[in-house]
Structures are given as structure tokens and as C-alpha cells.
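Below you'll find the structure, written out as C-alpha cells, and then a few comments.
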Amino acid sequence: MSKETIISVDKVHVSFWQNNVGVHSIKDLITYRKSPFTNKTILNNISVEVNKGESLGILGRNGSGKSTLLRTIAGIIKPDEGKVTVKGTFAPILAIGAGLEQELTGYENITLLLALYGTARKNTNAVENIREFSELSDEVLRMPVKQYSSGMVARLAFSISLANESDILIIDEVLAVGDQGFQAKCLEKIYKIKNEGKTILFVSHFPDDVAKICNKAILLEHGELIHSGNSLDVCNHYRQLF
């Protein structure tokens, strides 16, 4: 019985224009003799497939293109070349506090994001579940998010995203923030989601976590896919980069 491909990245190329010489106005642009912009390749000819129920780890040093790849899969970035196909819904945890409105309270952010996810209609206990998982007090959740510490923001963002009952969970290095107790709790939740047969994309600087969570992985270096295979093998190649 063939496996169902839920994510397909086919020969994807992503590049950004960079201003390297401090041109900040029309006058600067006119008076500067050469083009102040350079085109930097972030992802070069990346192809990868993820089957339903698989957990893919994405490893690489800073600047290798890991987060850009996740954002391209999530539809936030449009590739210059190539094609990305995703079958199913996803819950992206792409950055600490991403999607949270700083002026709104914790409770208001929960209500807003649950409505956007559609989870509020499916699970009437979602707000209470988020409060319990985040371990944030009622007093804290009534405060504007702009008054939160980075640890509080991480707890709230992660808890809301996990409440989204989606087919694919996308996690980008957020487990590095917060106390060890909450990190362990998040990992336990991820294991549970994995055992439920959900698909996971997991970016981390900690190969031990990738090896535990993911059954396969890829390794990026300077925007190139330099190794892929089972997670233990790829993690070993990652360690050899240092």
C-alpha cells in the first residue's frame, strides 16, 4: 500500500534583494552610481517529500535557510521557482509570539486566534485547555501581551497553536525559549501528536530532540540540501559541521 504524500517541495528556489550600501531614499538611489541591491539566494533547488504521519526534522546552521523553507511550505513566502504542494491544514509555530497582537490581552488573543483557526466552533473547552496548558494565571491572561516576558509569550503562543486540531504541525525552534519544565511538557505534547498519526515539521538546533521526535530529517547548508535520510544519520552529519 503506497503512502500518501502530504507535503511536496519540488525544485524550490527562493532569493531576496538586499540593500548593502545604506540607500534609504530616492535621492540616494539616483546619486549612487552602481546598483545598491544584490540578490541573495536563500534556498537553491530544494526538493523534499513528507508522507502523512511522518515527522521531518530540518537541521542546519544559522543562515542555512531552515526558517525560510518552513515559511515557504506554510505559504508565507512564494518561491521564485519550483512548486510547493500541501494537502491538509497546518498549525505553524514559526516564531515566538508570531500572530499575537501586542495590545490585546492574553484572553483576547486566544479568542481571536481560535476563531481564525475555527477551533472555537469545534471545542468549547479550548480556552480553558489553553489556560491550563500554558500555566498562565487568570491575572496574567487579562494583561496586554506587550507586558509579558518572553517566556510568557512562548507559553501562550505554543499553547494556542497546539489547540489548533490540524493535520500538520510546523515548529520552528520555539522550544529553546522557556523553562525546562515547560519545554519537557511541550515535547510530551509533541510526542502525543506524533502518536496520533499527525505530520510534523520540526526545526531545532538540538539534534538530540530531532532524533527523538523525527523519523527522517534533512540537512541544509547555505541554502543547499546537503544530506537527507533517517534522523539519526542526518543528526550525525549535522554534528560534523562544528
Hydrodynamic radius (Kirkwood) for region 115-242, which is based on Cα pairs only, to one decimal in Å: 16.3
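Which value in Å does the Kirkwood hydrodynamic radius of region 192-242 take, with 1/r averaged over all unlike C-alpha pairs and then inverted?
Numbers: mean 1/r = 0.0872 Å⁻¹.
After inverting the mean inverse Cα-Cα distance, the result is 11.5 Å.
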Non-local residues with an amide H under 5 Å from the amide H of G60, with H modelled 1.01 Å from N and Pro and chain starts lacking one, are L220
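Multiply the residue gap between D138 and F16 by 0.36 nm, knock off their C-alpha separation, and tell me the result in nm, one decimal place.
Working: separation 122, 0.36 × 122 = 43.92 nm, distance 4.29 nm.
So the extension gain works out to 39.6 nm.
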Out of residues 5 or more away from L169 or on other chains, whose amide H comes under 5 Å of its own, with H placed 1.01 Å from N in the peptide plane? A91, T199, I200, L201
Partner lysines whose C-alpha sits under 24 Å from that of K87, ignoring same-chain residues fewer than 8 away, are K3, K11, K52, K66, K78, K122, K189, K192, K194, K198, K216
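Determine the sum of side-chain charges near S67: Lys and Arg each +1, Asp and Glu each -1, restricted to other residues whose C-beta is under 13 angstrom from that of S67. Could you put the intermediate results ahead of the total?
On the way: positive: R61, K66, R71; negative: D172, E173.
Local net charge: +1.
Bear in mind these aren't lab numbers, they're just calculated from the coordinates by the rules spelled out. These numbers come from a predicted model, not from an experiment. Backbone-built Cβ (ideal geometry, glycine too); neighbour counts: all protein chains shown.
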